[in-house]
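Contents: one structure, followed by commentary.
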Amino acid sequence: MKQLIAGNWKMNLNAAQTVDLIEHLKAEDAADVVICPPFPYLSLARHLLVGSPIQLGAQDCQAAASGAYTGDVSAAMLVDMGCTYVILGHSERRQGHKETSELVLAKAVAAVGQGLNVIICIGETDEENKAGATEKVLLGQLKESIPQGLSARNLVIAYEPVWAIGTGRTASNEEIVAAHAFIRAQLKGLCEDPEHVKILYGGSVNAKNAAEILGLANMGGVLVGGASLKADDFNTIIRAGACE
Ligand code: PEP
């Protein structure tokens, strides 16, 4: 199974920078690669990626199919723009936009219904981690965010401890392995084909630590924020990805 290297650009870069970054990205056969630019640049990115094995993803979608949802983007629109992936339930949306797991689930239903692969993010806050509540939080988010009937064909889970995102504080290898093993065990009963669902790690992955993180047990790949904005760094991370 190929590892998945996913770049979450968040609300960064302009059109010229999008062109520059994509022109310098180098896909490798060993890993699957997806980049998730902001909505306004999906069309541009799609054209720049013609002929490239790098796939296109979005950072969110609306659960409804169409209608009076000012500012939102539907799953069908993402497919229309060439997306094959969508990130859902990122902690910046769970926290900043008060998104509940129930809403994440509704978005996942809509996205999968349109043929998108969903990357569902879960993770505990620093407070929850310190209180020893990590597993309880992960289990709750898993149970409440994953629609019935998904399988490794369209479901990816990203374990992203909130305290590790954009902080430079990566979770320890032991913490990552333990969380991934816990998630893998809990997926039984929550989806089909649970042993093949890719479980990614996200949280301050960079060009220096990627190889070590990608070499950990049960590692399906990485979700990368900051380091996905620099071609050299992201290319190094892509090269560290492997076919397990
Ligand atoms: C993210 O945005 O999902 C993320 C992991 O960010 P960073 O790599 O910057 O910590």
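The values are calculated or read from the model by the stated rules, or taken from the named source; none is laboratory data. None of the values given here were measured: they were computed from a predicted structure. Note: ideal-geometry Cβ built from the backbone for every residue, glycine included; neighbour counts use all protein chains shown.
Does Gly123 count as of a type outside the set (Asp, Glu), in contact with a Pro (Cβ under 8 Å, 6 or more places away or on another chain) and within 18 Å of Leu200 (Cβ to Cβ)?
So Gly123 fits the description; yes.
Mind telling me which of the residues Leu139, Leu150 ends up being within 17 Å of the chain's Cα centre (by Cα) and either away from the ligand (no atom under 16 Å from the Cβ) or crowded, with 20+ Cβ neighbours inside 10 Å (or both)?
Leu150
Mind checking whether some residue in the stretch 212-232 is at pLDDT 95 or above, acidic (Asp, Glu) and either in contact with a helix residue (DSSP H, G or I) (Cβ under 6 Å, 6 or more places away or on another chain) or under 25 Å from Thr125 (Cβ atoms) (or both)?
Checked against the condition, which is being at pLDDT 95 or above, acidic (Asp, Glu) and either in contact with a helix residue (DSSP H, G or I) (Cβ under 6 Å, 6 or more places away or on another chain) or under 25 Å from Thr125 (Cβ atoms) (or both), the stretch 212-232 yields at least one hit.
Could you please give the count of residues in the stretch 29-45 that are surrounded by 15 or more Cβ atoms within 10 Å (Cβ to Cβ) and of a type in the set (D, E, K, R)?
Here the count works out to 1.
Only residues that are within 16 Å of the ligand (Cβ to nearest atom) and touching a Ser or Thr at 6+ places or on another chain (Cβ under 9 Å): list them for the stretch 80-116, please.
Listed by number, the residues that qualify are Leu88, Gly89, Ser91, Arg94, Gln95, Val104.
Can you name the condition, by its number, that Val197 falls short on among (1) away from the ligand (no atom under 15 Å from the Cβ); (2) at pLDDT 95 or above; (3) surrounded by fewer than 20 Cβ atoms within 10 Å (Cβ to Cβ)?
Status for Val197: all satisfied but (3).
Looking only at strands (runs of 3 or more DSSP E) that fall completely inside the stretch 1-94, which ones have 2 or more residues that are touching a residue at least 60 places away in the same chain (Cβ under 8 Å), among the hydrophobic types (A, V, I, L, M, F, W, C) and in contact with a strand residue (DSSP E or B) (Cβ under 7 Å, 6 or more places away or on another chain)?
3-8, 31-36
Please enumerate the residues belonging to the stretch 117-141 that are closer than 18 Å to Glu175 by Cα and aliphatic (A, V, I, L, M).
Ile122, Ala131, Ala133, Val137, Leu138, Leu139
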